[in-house]
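Colleague: Following this message is one structure expressed as structure tokens.
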Amino acid sequence: MEKKKQGESIPSEKINNSEKALVPAVESEDKSSGKLTIYEYEQKYTKRQNVRGAKLILKLICAVVGLFLFACLFFVSLRIYEINEYAGYAAGAVCLILYIVLFIVPMVKILKSPYFIVNVNVHTAGAAKRHNRKVRREIAGKMIDLTAKVDGVGWYDSKIVGELAIALKAGDDKGIMKSLTALYTGSVKKSAKDMIFKSSMKSAMYSALSQTSKVDAALVVFLNLQLVKDLVFLYGFRPSDAKLVKIFGRVLQNSLIAYGLGGMKIGNSIVKTMGDAVRGIPLLGSAISAIVDSSVQGLTNGVLTAVIGYQTIKYLSQEYKLQQILDGVELVETEEEIQETCQKIEKELKSNKKPQAA
């Protein structure tokens with residue numbers, strides 16, 4: 001029998017008849033116990049996804065972002081090279097270091113972080129629950145270790161981290177989840193908002209100071225990816241591949257918007273509407289134009305960075321809640337388990353055959 005890929009949903013009409021026979025009994029039990037069955041979870045929360053397709057698109061978007069960023073840095077270095085040869089070489093070396101430190105490293109750290117498996121079906125739910133349990137313990141260990149070794153980090157409530165440490169040592173998965181939920185809805189959420197505000201201010205100020213569209217685009221990529229990396233580190237896990245596709249797609253979109261804004265002279269059109277007040281004062285008109293251009297670009301890029309941040313914590317919160325729901329789901333026998341039971345019954349019947357009459 002061909003095994004289904006992890007994360008792919010299975011249409012209800014393809015569920016084995018023997019499994020369907022179990023649904024009424026489990027549903028009646030579920031009403032009394034208050035737990036969802038895996039069939040109900042699948043119907044309510046599972047979406048059709050091509051896991052390999054999501055991974056391929058994710059790699060493609062990462063490559064496109066990387067190429068766009070490389071092109072921006074290359075043309076900046078080339079422009080400096082045209083002014084001064086040695087300054088151009090120095091700028092190229094600096095741009096290469098920035099590319100590695102601010103793009104390659106954050107991207108690798110994000111992609112290497114663990115994530116919860118929540119898009120499951122009846123065949124993959126058991127393995128997903130075991131995987132998610134392992135991820136929760138890894139997250140708890142990282143938070144405890146960071147709180148103990150780094151003074152003044154202030155991200156996590158120390159009292160709840162203490163409770164988390166007790167639960168982890170005792171192997172109490174319910175206690176671990178309870179403490180993590182308290183952290184994510186309390187101190188972690190507050191710390192995430194602080195990170196988003198600081199990154200948005202940096203994006204706004206740096207863009208306002210920069211007067212080059214290519215530099216603006218590169219800054220947006222660097223700051224957006226750094227923010228996503230910091231949020232992933234804060235939460236201890238990353239969004240799934242399908243959600244990362246949307247996040248990185250937004251990063252690419254933001255960088256293209258920043259590049260377009262840098263090439264537009266927004267202030268000139270606004271200055272023209274100011275009439276005679278500045279028409280006779282060219283220097284004042286140019287100064288106002290530059291200020292308006294910078295402020296509009298800075299504000300726009302700051303807002304775009306904030307959108308990336310809130311989109312990231314939205315996906316992280318959603319997938320944490322889904323794995324929490326999945327952990328309480330009542331699992332039923334899979335087709336393989338039913339087949340195994342049938343084989344045991346058949347074996348038992350054969351061993352108990354009556355002896356033939358003489």
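The values are calculated or read from the model by the stated rules, or taken from the named source; none is laboratory data. Computed from a prediction, not measured in an experiment: that's the story for all the values here. Positions of Cβ are generated from backbone atoms using ideal geometry, with glycine treated the same way; all protein chains shown enter the neighbour counts. Side chains are part of the model used for accessible areas, which takes the heavy atoms of the whole protein and leaves out ligands, DNA and RNA. Shrake-Rupley method; radii C 1.70, N 1.55, O 1.52, S 1.80 Å.
Colleague: Only one of (1) in a loop (DSSP other than H, G, I, E, B); (2) open to solvent by 30 Å² or more (accessible area, probe 1.4 Å) fails for residue 109. Which number is that?
Modeller: Failing condition for residue 109: (1).
Colleague: Given the conditions (1) touching a residue at least 40 places away in the same chain (Cβ under 8 Å); (2) of a type outside the set (Phe, Trp, Tyr); (3) open to solvent by 60 Å² or more (accessible area, probe 1.4 Å), report the number of the one that residue 200 does not fulfil.
Modeller: (3)
Colleague: Taking the stretch 318-358, which residues are within 25 Å of residue 237 (Cα to Cα), at pLDDT below 90 and of a type in the set (Val, Ile, Thr)?
Modeller: Of everything in the stretch 318-358, just one residue is within 25 Å of residue 237 (Cα to Cα), at pLDDT below 90 and of a type in the set (Val, Ile, Thr), namely 329.
Here's the yes/no breakdown for (1) at negative phi; (2) within 17 Å of the chain's Cα centre (by Cα); (3) open to solvent by 100 Å² or more (accessible area, probe 1.4 Å):
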position: 42; (1), (2), (3): yes, no, no
position: 48; (1), (2), (3): yes, no, yes
position: 62; (1), (2), (3): yes, yes, no
position: 66; (1), (2), (3): yes, no, no
position: 81; (1), (2), (3): yes, no, no
position: 84; (1), (2), (3): yes, no, no
position: 87; (1), (2), (3): yes, no, no
position: 90; (1), (2), (3): yes, no, no
position: 94; (1), (2), (3): yes, no, no
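Colleague: Which residues, taken from the stretch 35-57, are under 23 Å from residue 245 (Cβ atoms), outside any helix (DSSP H, G or I) and among the hydroxyl-bearing types (Ser, Thr, Tyr)?
Modeller: 46, the sole residue that qualifies.
Colleague: Name the residues in the stretch 158-210 that are among the hydroxyl-bearing types (Ser, Thr, Tyr) and under 24 Å from residue 138 (Cα atoms), would you?
Modeller: 158, 179, 181, 184, 185, 187, 191
Colleague: Right, another one. Listed residues 165, 182, 170; which is over 18 Å from residue 233 (Cα atoms), without any contact (Cβ under 8 Å) to a residue 40 or more places away in the chain, surrounded by 14 or more Cβ atoms within 10 Å (Cβ to Cβ) and not acidic (Asp, Glu)?
Modeller: The unique qualifying residue is 165.
Colleague: While we're looking at this one, here's another question. Pull out all pairs, ordered by first then second residue, where Cβ-Cβ is under 9 Å, the residues are six or more apart or on different chains, the first lies in the stretch 213-228 and is surrounded by fewer than 21 Cβ atoms within 10 Å (Cβ to Cβ), and the second is not hydroxyl-bearing (Ser, Thr, Tyr) and not in a helix (DSSP H, G or I).
Modeller: 213/263; 213/264
Colleague: A further question follows. What pairs come up if the first residue lies in the stretch 237-248 and is within 12 Å of residue 51 (Cβ to Cβ), the second is of a type in the set (Lys, Arg), and their beta carbons are under 7 Å apart, counting only those six or more places apart or on different chains?
Modeller: 241/55
Colleague: Need the failing condition index for residue 233 against (1) modelled with pLDDT of 95 or more; (2) not in a helix (DSSP H, G or I), just the number.
Modeller: (2)
Colleague: So which residues in the stretch 253-267 are assigned to a helix (DSSP H, G or I) and either open to solvent by 70 Å² or more (accessible area, probe 1.4 Å) or modelled with pLDDT of 90 or more (or both), if there are any at all?
Modeller: Those that are assigned to a helix (DSSP H, G or I) and either open to solvent by 70 Å² or more (accessible area, probe 1.4 Å) or modelled with pLDDT of 90 or more (or both): 253, 256, 259.
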